[in-house]
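Since the structure comes first, as structure tokens, the remarks are kept for the end.
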Number of protein chains: 2
Amino acid sequence: MELDNIDRKILGILQRNNRLANVELAEEVGLSPPACHKRVKRLRDENIIIGDVSILNPELTGNKLTLLVSVEMERDRKEVYDAFKRVVNQAPEVKHCYQITGNYDFVMVVGVPDMQAFERFVDQVLHTDTNIRKFQTSVSLRTVKSTTEVQLSEF
Amino acid sequence: MELDNIDRKILGILQRNNRLANVELAEEVGLSPPACHKRVKRLRDENIIIGDVSILNPELTGNKLTLLVSVEMERDRKEVYDAFKRVVNQAPEVKHCYQITGNYDFVMVVGVPDMQAFERFVDQVLHTDTNIRKFQTSVSLRTVKSTTEVQLSEF
DNA sequence: GTTGAAAGCCAGTAACT
DNA sequence: AGTTACTGGCTTTCAAC
């Protein structure tokens, strides 16, 4: 489906604040409330908007430690990869995971309360997977930026 | 401020779906609507909930390409780092950026529509910064996982 | 913490251009 | 696509417990 400039405007606003009342959103984009409401509904129905969430303060909710883990698999086989992906998706410590090109096969961003929790994660998730050849961990000293916003190029 | 189990329950629900009506949220956590409403308000006021956003489909909104860029700075000086952090925060292509220990100083997750856009990003952001000694880019073949959820250990 | 009530605002629908 | 008109339901606040 094609997005016009009003759609992009709506998305731009909602991806910053989705608690804005439809009446106000409508005014901001220059539509009547029902017309705006219909567009938002369509954007949800067509999976342009895939979720609506509250963002929690990681500091205040027990994710004080962030680590970056690069993983190299034993074999480049689909089953091996798929199994790893399944594990990753079930591990709540893993915030982001990318399959990448280069020396390593995956990079993960891991969030935990403390080093003990990370050790547990390593033991339970990484050391139990026999398909992992090796992994390398970097400690994050600071999250410089973290956003869910995507760029919506206006035309 | 201390979070009790009801708070954690509320947060756990809202960080998955913040469009749930307060009446329903109240029922799910076993409180009356006003009591639940008060708690949510407090969680926002105290910055436990730091934002409420719609998550957009990156595929459908022009962020088809994800890259991981590791950056090594020329000098380990605060001003140099701070300048880089400022640039990173203003660049909409940068979704996440972590200051890390190890061989590199920063790792960034960059989202762009295509390779051309990435080249522009490299030219405008990375090559113009004389404090960057070098950087290394990995292409993400697939986003295995990406979540905003934090773990809320229940007691 | 609860219930009950009240006010007003909003979401969501309908009918129509 | 868009509008205006409507209504039922919800948020939000209050008072009393």
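Derivation of every value follows stated rules applied to the coordinates shown; laboratory data play no part. The model shown is predicted, which means the values in this text are computed figures rather than measured ones. Every residue, glycine among them, receives a Cβ derived from its backbone with ideal geometry; neighbour counts consider all protein chains shown.
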>> Which aspartates and glutamates, if any, have their Cα less than 16 Å from the Cα of B:Lys134, not counting same-chain residues under 8 positions apart?
In response: B:Glu72, B:Glu74, B:Asp76, B:Asp105, B:Glu119, B:Asp123
>> Please compute the contact order of chain B in relative form: average sequence separation of alpha-carbon pairs under 8 Å and at least six residues apart, divided by the residue count, as a percent.
In response: 27
>> Taking 45 Å as R0, compute the FRET efficiency from the Cβ-Cβ separation of B:Arg19 and A:Arg120 and round it to 0.05.
In response: 0.85
> In deg cm²/dmol and to the nearest 500, what is the mean residue ellipticity at 222 nm of chain B if only DSSP H runs of at least 4 residues count, each as -39500 (n - 2.57), divided by the residue total?
Replying inline: -9500 deg cm²/dmol
> Counting Lys and Arg as +1 and Asp and Glu as -1, what is the net charge of the other residues whose Cβ lies under 15 Å from the Cβ of B:Asp123?
Replying inline: -3
>> Need the list of lysines near A:Lys9 for cross-linking: C-alpha distance under 18 angstrom, and skip anything on the same chain fewer than eight residues off.
In response: A:Lys38, A:Lys41
> B:Pro113: net charge of surrounding residues, Cβ under 13 Å, Lys/Arg +1, Asp/Glu -1, itself excluded?
Replying inline: -2
> On a 0 to 90 degree scale, rounded to 10, what angle separates helix B:33-45 from the longest Cα axis of chain B?
Replying inline: 30
> Using a simple charge model, +1 on the beta-carbon of Lys and Arg, -1 on the beta-carbon of Asp and Glu, nothing else, what dipole does the protein assembly as shown show about its Cα centre, in debye to the nearest 20?
Replying inline: 60
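With a 10 Å Cβ neighbour count serving as the proxy for reagent exposure, in which order, fewest first, do A:Lys134, B:Lys9 appear?
A:Lys134, B:Lys9
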> Given a cut-off of under 8 Å on Cα pairs at least six residues apart, what relative contact order in percent is computed for the stretch A:5-45?
Replying inline: 33
>> Positive end of the dipole of the stretch B:5-45, charges at C-beta (+1 Lys, Arg; -1 Asp, Glu), about the Cα centre: which of B:Pro33, B:Gly12, B:Asn22 has its Cα farthest in that direction?
In response: B:Gly12
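Can you tell me the dipole magnitude for the stretch A:5-45 around its Cα centre, using point charges on the Cβ only (Lys, Arg +1; Asp, Glu -1), in Debye to the nearest 20?
About 200 debye.
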>> For A:Leu11, A:Leu31, which order do you get if you count the other beta carbons within 10 Å of each Cβ and list the fewest first?
In response: A:Leu31, A:Leu11
> In peptide A:135-143, what is the residue-averaged number of other protein chain Cβ atoms found within 10 Å of each Cβ?
Replying inline: 5
>> Just to be sure I understand: if I project the alpha-carbon convex hull of the protein assembly as shown onto a plane and average over all orientations, what area do I get in nm²?
In response: 17.9
> So if we plug the beta-carbon distance of B:Lys85 and B:Leu141 into 1/(1 + (r/R0)^6) with R0 = 35 Å, what FRET efficiency do we get, rounded to 0.05?
Replying inline: 0.80
> In which sequence would B:Arg16, A:Arg133 go, from the one with the fewest C-beta neighbours within 10 Å to the one with the most?
Replying inline: A:Arg133, B:Arg16
